[in-house]
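Below is one structure, written out as structure tokens, with a few remarks after it.
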Amino acid sequence: MDDVKKTIEAKDYAEPRCPLSGETYGSHPEYIPVPQIRIIDKMNEYMSRRDYEGAERHLNYWLREALLGMDQRGELMIRGELIGHYRKTGNREAALKEVDEVLRLLREMNYEKSLSAGTAYVNAATACNAFGENERSLELFEKARSVYESSSRTDPELLGGLYNNMGLLYTSLSRYDDAFRLYDLAMEMMRKCPGGELEIAITCLNRADALSAKYGTEAAEKDIYDLLDKALDLLKNTEAPKDGYYAFVLEKCAPTFEYYGYFTDAEELKQEAEQIYKG
């Protein structure tokens, strides 16, 4: 005679969480990581077409998946991407909300001294600066700098990005000498990076703006135009891939050239960017 089952287990009576799922009510699913590389690759694809709505849907879909799968690392990465997305699209409230969420995650995960935290602090600080939260931005940049400069594993590209963005904040605070020192450090770091010409070009333009703000455009004319010429040469002769990021940099730099009277060059940069976006 077959043995009679004498105990009833939860799976014998509990309904599945979803008709297509094997999980039952009251069960605790295991950690399920989201595919971070695939998410970033798809995000880059959206940005190469300037499809901001598609990019936002994409990130929010995977954020929900990370939350369901209890993947805090994936959540941290996605929320960092959302900070940058909302900054680019001018959504102040959403960007600062994601900043708070990222800082919460870093505390919960005990990641506040990790390289991942450095990147998160830079993203958060850049957004705060963009939306006028300068005091908070400076605090976050200082945290990022402490993390990056204390680790031998920090890539020069990360340091270059930190110094460049931090220099922008110091310029907005009229701390021009601090900004110049950081721009010098940013260029030094980016010279070590393959394809770093694009970032050096951006730094040249940022430095030109700082010179104009401190001394006036007329008084600093020679140095400003030397920097503009250098930036233009780097943008046109870079070995970096002519991809969506290249188009984004051209589009970002064009208004600065236009401001200083480089109208033809600015128009050429915008047209090239447009051609890349169109594929």
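The values are calculated or read from the model by the stated rules, or taken from the named source; none is laboratory data. Not measured: the values here are computed from a predicted model. Heads up, the Cβs are rebuilt from the backbone with ideal geometry, glycines too, and the neighbour counts pull from every protein chain shown. With ligands, DNA and RNA removed, areas are computed over all heavy atoms of the protein, side chains included. Shrake-Rupley method; radii C 1.70, N 1.55, O 1.52, S 1.80 Å.
Worth pointing out:
- For the pair Y215 and L173, label points projected 7 Å from Cα toward Cβ lie 2.4 nm apart.
- With bins 5 Å wide beginning at 0, the percent of Cα pairs of region 87-234 falling in each bin runs 2, 10, 18, 20, 20, 15, 10, 4, 2, 0, 0.
- Rg [Å, one decimal], Dmax [Å, integer] - region 125-176, C-alpha atoms: 11.0, 32
- Amide H contacts of G195: none lie under 5 Å away among residues 5 or more positions distant or on a separate chain (H built 1.01 Å from N in the peptide plane; Pro and chain starts excluded).
- Accessible area expressed per residue, the chain, with surrounding protein chains retained (probe 1.4 Å, Å²): 57
- Against the chain, whose longest principal axis comes from its Cα atoms, helix 244-259 is set at around 40 degrees.
- 5 Å binning of all Cα-Cα separations within the chain, expressed as whole percents from 0 upward: 1, 5, 10, 13, 16, 16, 13, 8, 5, 3, 3, 2, 2, 1, 1, 1, 0, 0, 0, 0, 0
- Angle between the chain longest axis and helix 36-48 axis [Cα atoms, degrees, rounded to 10]: 40
- Whole-percent carbon and sulfur share, accessible surface of region 130-260, 1.4 Å: 47
- When each of the peptides 62-73, 203-214 is scored by how many other beta carbons lie within 10 Å of its residues on average, the order from highest to lowest is 203-214, 62-73.
- Within the chain, helix-based [θ] at 222 nm, where runs of 4 or more DSSP H residues each add -39,500 (n - 2.57), nearest 500: -23500 deg cm²/dmol
- Charged neighbours of Y170, selected by a Cβ distance under 10 Å, balance to 0 (K, R count +1; D, E count -1).
- Approximate spin-label separation K97-N237, in nm, with each point projected 7 Å along Cα-to-Cβ: 4.8
- Of the two radii for region 157-279, the radius of gyration is 0.97 times the Kirkwood radius, both from the alpha carbons; that is the Rg over Rh value.
- The dipole here belongs to the chain: it is taken about the Cα centre, uses +1 on the Cβ of Lys and Arg and -1 on the Cβ of Asp and Glu, and is about 400 debye.
- A Förster radius of 35 Å, combined with the Cβ-Cβ distance separating K222 from E258, puts the computed FRET efficiency at roughly 0.95.
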